[in-house]
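To start, the structure under review is shown below, and the notes come after it.
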Amino acid sequence: MSEIQRMTASDVLSQHWDGYLHVCPKKIAQSMGVTLKEFDAAIQLDRNHVDHGLSGKFEFEGDTPVCYYNSSEPLLRQNFTIAHELGHYALGHGKSFRDPVSNFSSRGNEFKEIQANDFAAQLLMPKSQVLGYIRERGIVDIGKLADIFKVSQVAMKYRLKNLGVLR
């Protein structure tokens with residue numbers, strides 16, 4: 001099974017991001033050699049398993065890393081799911097993670113899920129870019145920042161808290 005050297009979101013951005021906002025996790029996955037596969041929540045992922053309410057899944061198919069994402073969810077959720085699943089891959093979490101919507105909650109408590117959520121936030125909302133929009137352009141409205149970065153307002157709020165911008 002092919003594994004990459006463990007990478008931070010910052011490493012991934014510096015090696016695989018074109019520098020344009022919004023950060024497109026699909027382009028990053030392609031650059032990293034990760035295959036993306038869409039599924040609908042009601043579609044069977046494999047012969048023995050149907051996951052209702054599944055947002056994403058990471059696994060290896062042979063030597064190929066594959067991120068599945070639920071195409072029936074809103075686009076902002078799909079982007080976060082892809083970034084989250086890339087986090088499982090880049091952080092070396094192993095071969096198989098099935099992520100129900102609850103794993104993307106701020107209340108999730110499994111360490112690897114917390115790490116993957118943090119990775120996704122850092123990937124989609126790079127610190128230098130977020131702080132640049134705040135300090136250099138004076139954009140402080142959470143909704144406007146969320147629109148710029150193509151993330152939910154909830155995701156942006158948590159990112160701003162983690163960056164020390166909000167309490």
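Some points to look at:
- Pairs linking a residue in segment 62-74 that is touching a residue at least 60 places away in the same chain (Cβ under 8 Å) to a residue that is part of a strand (DSSP E or B) and surrounded by 12 or more Cβ atoms within 10 Å (Cβ to Cβ), with Cβ atoms under 9 Å and 6 or more positions apart or on different chains, are 64/35; 65/35; 65/58; 65/59.
- Residue check for residue 102: at pLDDT 75 or above, in a helix (DSSP H, G or I), surrounded by fewer than 22 Cβ atoms within 10 Å (Cβ to Cβ) and hydroxyl-bearing (Ser, Thr, Tyr): no
- Of the numbered criteria (1) of a type in the set (Gly, Ala, Ser); (2) crowded, with 17+ Cβ neighbours inside 10 Å; (3) at pLDDT 95 or above, the one residue 116 fails is (3).
- Selection count, segment 108-139, where residues are without any contact (Cβ under 8 Å) to a residue 24 or more places away in the chain and aliphatic (A, V, I, L, M): 2
- When the residues of segment 140-153 are filtered to those that are among the hydrophobic types (A, V, I, L, M, F, W, C) and at pLDDT 95 or above, the one that is nearest to the chain's Cα centre (by Cα) is 151.
The values are calculated or read from the model by the stated rules, or taken from the named source; none is laboratory data. On a predicted model such as this, the values are computed, not experimentally measured, just so you know. With ideal geometry, Cβ positions are generated from the backbone for all residues, glycine too; neighbour counts draw on all protein chains shown.
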